[in-house]
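Remarks on the structure that follows.
The values are calculated or read from the model by the stated rules, or taken from the named source; none is laboratory data. Keep in mind that what you see is a predicted model, and the values were worked out from it rather than measured. Backbone-built Cβ (ideal geometry, glycine too); neighbour counts: all protein chains shown. Side chains included, ligands, DNA and RNA excluded: accessible areas come from the protein's heavy atoms. Shrake-Rupley method; radii C 1.70, N 1.55, O 1.52, S 1.80 Å.
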Amino acid sequence: MTDATSAARWRVAILATVLIAGGGGYWLGQSGKSDAPTETASGGRKILYYYDPMFPNQKFDKPGKSPFMDMQLEPKYADEGGGAAPGVSIDPSARQSLGIRVVAAEMGSLAATFDVNGSIDFNQRDVAIVQARSGGFVERVYRLAPGDVIGAGAPIAELQLPEWGSAQSEYLSVKKLGKPELTAAARQRLRLMGMPEGVIAEVDRSGRTGGRLTVRAPIGGVVQTLNARAGVTLASGQTLAEISGLGTVWLNAALPEAQAGLVKIGQPATANLTAFPGEAFTGRVVAILPTAAADSRTLTVRIELANRGGRLRPGMFAVVALGGDAKPTLLVPSEAVIRTGTRSIVMLEKGDGRYHPAEVVAGREGGGKTEILRGLAPGEKVVASGQFLLDSEASLTGLTVRPLEPAQ
């Protein structure tokens, strides 16, 4: 009994010793954590924490390698951002490793022209509709089909129009009366029935009536529709054929809506077609259609081209060069502009190793350059590479973005 009691007392003593040691260690750790001075760099500057420049929101108590990127953590000093000159300060030794590149804003000009795609179409203003001027029937149809190319004056069909024969007989009867005013009225009636002057002159000359008419193409072009068939009865005004002219064609180009302000009606355009490599076709903008395509966000620009020899055929693909005169403007590299969705920002180099955000109004883009309409002056230096890291640091330190000057 005495031996068991002694063993139990030894176990209690050992457990108490372990608890006291653990509690003391915990107390010493907490006491050291709260009372330990802030870590100091070799230059005497106080270090608040360490961070990865690629993930500046994450803070670390000790230096070392970043868990996110294959790079060392950077120290955040207590005196950064608190001096008289606000801005983001980057150690010169870290500038190269972060890939920071600075470029001066300078005057220049963007490309005066830009290319868009388009296709050839018929000129819808150059269309002829061939109709029957009076009731009758088709006696003969010449060998034509939709898609055939015909010249102006080519015969389409021969019609028999009984109403014309009756009207011509009445005209000849009135003419025999020898009364000029009645003759003129009867002649005018023939014109109102759609009778060509040549047919009326033939009735005057021969004194014979004839209700037969050969319908001819008023213009040269492509037969789009052909409704005339031999033996078909016709009503007055019935369409026999539809012809689209080929003297000029339309080139419908798809213009991105962001460039809509660069194209004006009447300005020249140059088209290059894959069917004719090395040859340029010049024309002018005749219309900019008022609606935009919802799926592609493009406007249709209509360009009229001369079609000498009928070589330009509807459906052909073309690359169109549009644009106007190049004007001097302030340019920066396109990658220097940070677009947040509500505004555009660039990071300025202050000249003393500090960087500061500034709001700008960006315009056109081309050739890797972006036009700056407001917010920058020629010669100011902007960060063209590594600017997103600086912008994140500026947001963390609460730097105020330089606002735009009032518009003139």
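Once fully extended, how much extra length lies between residue 343 and residue 72, figured as 0.36 nm per residue of separation less the alpha-carbon to alpha-carbon distance?
Gain on stretching residue 343 to residue 72: 94.3 nm.
Which lysines, if any, have their Cα less than 22 Å from the Cα of residue 175, not counting same-chain residues under 8 positions apart?
Partners within reach: none.
Can you figure out the FRET efficiency of residue 140 with residue 176, using R₀ = 45 Å and their beta-carbon distance, to the nearest 0.05?
0.85
Could you size up the charge dipole of the stretch 193-289 around its Cα centre, putting +1 on the beta carbon of Lys and Arg and -1 on that of Asp and Glu, and report it in debye to the nearest 20?
220
Give, as ranges by residue number, the residues of the stretch 101-141 whose backbone N falls under 12 Å from the point 7 Å along Cα→Cβ of residue 293.
Backbone N within reach: 117-119.
Using a simple spin-label model with points 7 Å from Cα along the Cα→Cβ vector, what separation in nm is obtained for residue 60 and residue 377?
That separation, rounded to one decimal, is 4.2 nm.
In what sequence, largest accessible area first, do 316, 69 appear using a 1.4 Å probe?
In descending accessible area the options line up as 69, 316.
Counting alpha carbon pairs within less than 8 Å and at least 6 residues apart, what relative contact order, in whole percent, applies to the stretch 237-385?
Details: 250 pairs, mean separation 30.2, N = 149.
Across the stretch 237-385, relative contact order equals 20 percent.
Label points 7 Å out from Cα along the Cβ direction at residue 131 and residue 192: separation in nm?
Using points 7 Å along Cα→Cβ, the separation is 1.7 nm.
Using packing as a proxy for protection, rank 164-173, 186-195 so that the peptide with the highest average count of other Cβ atoms within 10 Å comes first.
Peptide ranking by packing, descending: 164-173, 186-195.
Be a star and scan the stretch 102-128 for residues whose amide nitrogen sits under 18 Å from the point 7 Å along the Cα-to-Cβ vector of residue 365.
Once the point is set 7 Å along Cα→Cβ of residue 365, 109-117 turn out to lie under 18 Å by backbone N, inside the stretch 102-128.
With +1 on the Cβ of every Lys and Arg and -1 on the Cβ of every Asp and Glu, and nothing else charged, how large is the dipole of the stretch 120-178 about its Cα centre, in debye rounded to the nearest 20? Walk me through the intermediate numbers first.
Details: 6 positive and 7 negative charges, 53 e Å.
So the magnitude is around 260 debye.
Sorting check: for 242-249, 358-365, which peptide has the highest mean count of neighbouring beta carbons within 10 Å, and how do the rest follow?
Ranked from most to least packed, the peptides come out as 242-249, 358-365.
Report, in debye and to the nearest 20, how large the dipole of the stretch 251-363 comes out about its Cα centre when Lys and Arg carry +1 and Asp and Glu carry -1 on their Cβ.
Result for the stretch 251-363 is approximately 320 debye, rounded to the nearest 20.
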